[in-house]
Amino acid sequence: MTKTSRSYTAIVAVAGLSACLGALLLALPVNPPAGDAFAQTAANKSSKAQKAKPAALPQISDDVDDPAVWGKLFPLQYELYLKTKEMQPTKYGGSIPTPHTPTAADPRTVTSQSKSDADAGLRTMWAGYAFAADFREERGHAYMLEDQKYTKRQVVVQQPGACMNCHASTYLANKKVGDGDIVKGFEKINAMPYSEAVKLVQHPVACIDCHDAKTMALRVTRPAFIEGIRAFKASQGIPNYDVNKQASQAEMRAYVCGQCHVEYYFKGPEKRLVFPWSKGLKVEQITALYDEIGFRDWTHKDTGAPALKAQHPEFEMWSQGIHARAGVTCADCHMPKMSYKGANLSDHWVRSPLLNVKNACLDCHKKHDAKITEKELKNRVEQIQDRHWKLREDAMAALMGLIGDLKSAKEAGKSDADLKTARYLQRRAQFYLDFVEAENSTGFHAPQEAARILGESLNYARQGQIAIRDTSFKPTVAIVDIPPPPPAPAPDPAPATR
C-alpha cells in the first residue's frame with residue numbers, strides 16, 4: 001500500500017485538529033476609527049485636494065461568524081487562512097488532489113485519496129462499521145465541512161448532529177439554538193440528525209471559534225472540551241476547573257486545538273459528545289473508562305467483538321510527548337510566528353510543520369544547536385516516522401491474524417463463551433492500534449508513547465490467538481464483559497457512527 005497513513009499535522013478534518021485557528025492575531029484594534037480628513041489651512045481653503053475619508057471598516061461581534069468579515073480587519077491572517085485550501089502531501093500523509101466525478105449526492109470535483117481503498121487492513125479492522133466504506137486522507141481546515149457533509153459514511157448510516165463539533169464553525173449555531181446558552185444549544189444539536197443539524201452552519205472552523213470578538217483573546221467555545229478538561233483536571237485533584245478563566249495563555253495555544261483534535265464518544269440516546277478524560281488522557285485510561293461504562297461503537301461483523309473506533313486523538317498523544325513537556329504547543333509548530341508582507345504574526349496557514357520547517361522548527365532548535373539545518377530536522381522526523389510505520393505494520397499484521405483466527409473459530413462453531421477472551425483482546429488490540437492510526441503525526445507527537453501503544457496492541461493480538469487455541473490461557477489484562485447494545489429504535493436502520 002502507499003505509505004500515506006499519517007502526516008505530522010494536528011490538522012485533520014476533519015475531520016476533522018482541527019479548530020486550531022486560535023493562534024494569536026496581531027494586536028490590532030477591533031474597530032479602528034475611520035479618521036478625519038486633514039484640516040486645511042487658511043492658505044489652501046479653496047484647494048480641491050482635500051483627502052477623502054477612508055471607508056469604514058466592518059463591525060465584528062459575538063454574532064458574526066463569517067471569517068471573510070473578520071478578514072476585513074485582519075487581512076493577512078485571513079489570506080493565510082485561505083491557503084488551507086492548498087493540498088500538499090508529506091512522506092506519510094497529507095492530501096493529494098484526486099479527481100472526483102460530481103453526483104447529486106456529492107458535487108465535489110476533487111477529493112483526497114482513499115486510505116480505506118489502499119489498505120485492506122483498515123477495511124478488515126472496521127468490518128461492519130461505516131469507516132470501512134469511506135476513509136480518506138486529511139485535507140486542510142477549508143474542507144472540513146464539505147468533506148464531512150459528503151462522505152459516504154453519511155450514506156451508510158445516519159450520523160448525529162454531534163459530528164458537527166469538529167467539522168464546522170459551531171459557536172454561533174450553539175448560541176442561537178440555545179437562546180444564548182451554548183451548552184443548551186450544543187445539547188440540542190447533538191441529538192439532531194446530521195442532515196438537519198448541518199443546515200444550521202455555513203462555515204468551516206472560523207475566527208470566532210477560537211477568538212473573543214472584542215479582545216481577540218484566545219478562548220474555548222466547544223462545550224465538550226470545557227466539560228472534558230474539567231473532568232481531566234478533577235482526576236488530578238483540581239475541582240470545578242474553568243478553562244476560560246484558569247488556563248494560561250500558553251495552555252490556550254493547545255486547548256483551542258484540543259476542542260476538536262481529540263478522542264470522544266457519543267453518550268446515550270441523546271448522542272451527547274463526551275471527551276473520555278475522567279480517568280486520564282492515556283489510551284489505557286480511556287479504555288478503562290469505556291470498559292467501565294460498557295461502551296462499544298459497534299459489533300465487529302466478522303468476529304462478534306465489541307469494537308471501539310478511535311478518533312483523531314492528537315491532543316492526548318501530544319500531551320505524552322517531549323514537545324508538551326518542553327511547553328511547546330500545537331500553535332507553536334502548526335501556526336508558528338512569522339514575518340509576512342512586512343508584519344509579524346502567527347501563521348494561519350495551518351499545516352504540517354514538515355511543509356514549513358524553517359518557521360515551525362528551525363528557529364527553536366537553533367537555540368540549542370546553532371549548526372542544525374532544515375534538512376537535518378526533516379530527516380530526523382522522517383526517521384522517527386519510518387520506525388513507527390514498521391511497528392504499525394507489525395501490529396496490523398498481528399491484528400489481522402487474530403481477526404482471521406476468530407472468524408474461523410466462529411464459523412467452526414465455537415461458542416460465545418469460548419471466544420469471549422479472544423474477542424475482548426481484539427477489542428483492546430484494535431483500539432490501541434487505531435489510537436495511533438487515527439492520530440495525525442505517524443508517531444511523531446510522542447514517539448516513545450506511540451511505540452509503547454503499538455507494542456501493547458501487538459501483544460494483545462498474539463494473546464488473543466493463544467486464547468482461541470487454549471481456553472485455559474490467562475492473558476495479562478483482566479477480561480471485561482461488554483454487554484450487548486440495546487436494540488436500535490425502529491426508524492434508525494443502523495447505529496450512528498462517530
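The values are calculated or read from the model by the stated rules, or taken from the named source; none is laboratory data. Owing to the predicted nature of the structure, the values given are computational and were not obtained by experimental measurement. FYI the Cβ positions are ideal-geometry reconstructions off the backbone, even for glycines, and counts take in every protein chain you see.
The condition (being outside the structural domain of Glu411 (by TED's automatic domain parsing) and either among the aromatic types (Phe, Trp, Tyr) or over 30 Å from Leu402 (Cβ atoms) (or both)) is satisfied by just one residue among Gly280, Gly258: Gly258.
Look through region 413-439, keep the residues that are assigned to a helix (DSSP H, G or I) and among the small types (Gly, Ala, Ser), and return whichever of them is nearest to Glu316 (Cα to Cα). Don't jump to the end; show me each part of the working.
Pass one, region 413-439, residues assigned to a helix (DSSP H, G or I): 416-437.
Imposing the further condition that a residue be among the small types (Gly, Ala, Ser) reduces the set to 417, 422, 429.
On the way: Ala417: 35, Ala422: 27, Ala429: 18 Å.
Of everything passing the filter in region 413-439, Ala429 is nearest to Glu316 (Cα to Cα).
Can you spot a residue in region 462-470 that is of a type outside the set (D, E, K, R), within 19 Å of Glu284 (Cα to Cα) and either in a helix (DSSP H, G or I) or at pLDDT below 95 (or both)?
Keep residues of region 462-470 that are of a type outside the set (D, E, K, R), which gives 463-468.
The next check asks that each one be within 19 Å of Glu284 (Cα to Cα); those that pass are 463-464.
Imposing the further condition that a residue be either in a helix (DSSP H, G or I) or at pLDDT below 95 (or both) reduces the set to 463-464.
Within region 462-470 (the criterion being of a type outside the set (D, E, K, R), within 19 Å of Glu284 (Cα to Cα) and either in a helix (DSSP H, G or I) or at pLDDT below 95 (or both)), the answer is yes, since at least one residue qualifies.
Residue-by-condition table, conditions (1) assigned to a loop (DSSP other than H, G, I, E, B); (2) in the same structural domain as Ser248 (by TED's automatic domain parsing):
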position: Lys301; (1), (2): yes, yes
position: Glu316; (1), (2): no, yes
position: Ala324; (1), (2): no, yes
position: Cys364; (1), (2): no, no
position: Ala370; (1), (2): yes, no
position: Gly401; (1), (2): no, no
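Among the candidates Ala49, Ala37, Ala27, Ala19, single out the residue that is modelled with pLDDT under 50, surrounded by 18 or more Cβ atoms within 10 Å (Cβ to Cβ) and assigned to a loop (DSSP other than H, G, I, E, B). From the options Ala49, Ala37, Ala27, Ala19, the qualifying one is Ala19.
A quick yes/no check of all residues on (1) at pLDDT below 95; (2) acidic (Asp, Glu); (3) surrounded by 15 or more Cβ atoms within 10 Å (Cβ to Cβ); (4) touching a helix residue (DSSP H, G or I) at 6+ places or on another chain (Cβ under 6 Å):
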| residue | (1), (2), (3), (4) |
| --- | --- |
| Asp332 | no, yes, yes, no |
| Val350 | no, no, yes, yes |
| Pro353 | no, no, yes, yes |
| Val357 | no, no, yes, yes |
| Asp363 | yes, yes, no, no |
| Asp369 | no, yes, no, no |
| Thr373 | no, no, no, no |
| Leu377 | no, no, yes, yes |
| Ile384 | no, no, yes, yes |
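Considering only residues in region 143-164 that are among the aliphatic types (A, V, I, L, M) and buried (at least 21 other Cβ atoms within 10 Å of the Cβ), the one that is farthest from Asn440 (Cα to Cα) turns out to be Ala162.
Evaluating Ser441 against the criteria (1) small (Gly, Ala, Ser); (2) modelled with pLDDT of 95 or more; (3) farther than 30 Å from Gly258 by Cα leaves one unmet condition, (3). With respect to Val283, is the statement that it is crowded, with 22+ Cβ neighbours inside 10 Å and touching a helix residue (DSSP H, G or I) at 6+ places or on another chain (Cβ under 8 Å) true? Answer is yes for this residue.
For Ala478, are the conditions met, namely being of a type in the set (A, V, I, L, M, F, W, C), assigned to a helix (DSSP H, G or I) and at negative phi? Outline the logic, then answer.
On the way: of a type in the set (A, V, I, L, M, F, W, C): yes; assigned to a helix (DSSP H, G or I): no; at negative phi: yes.
So Ala478 does not fit the description; no.
Listed by first and then second residue, the pairs with beta-carbon distance under 6 Å, at least 6 apart or on different chains, first residue in region 331-352 and charged (D, E, K, R), second surrounded by fewer than 21 Cβ atoms within 10 Å (Cβ to Cβ) and assigned to a loop (DSSP other than H, G, I, E, B), are Asp347/Pro336.
Results for (1) surrounded by 15 or more Cβ atoms within 10 Å (Cβ to Cβ); (2) modelled with pLDDT of 95 or more; (3) touching a helix residue (DSSP H, G or I) at 6+ places or on another chain (Cβ under 9 Å), shown as yes or no for each residue.
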| position | (1), (2), (3) |
| --- | --- |
| Leu218 | yes, yes, yes |
| Pro223 | yes, yes, yes |
| Ile226 | yes, yes, yes |
| Ala234 | no, yes, no |
| Ile238 | no, yes, yes |
| Ala254 | yes, yes, yes |
| Gly258 | yes, yes, yes |
| Phe266 | yes, yes, yes |
| Arg272 | yes, yes, yes |
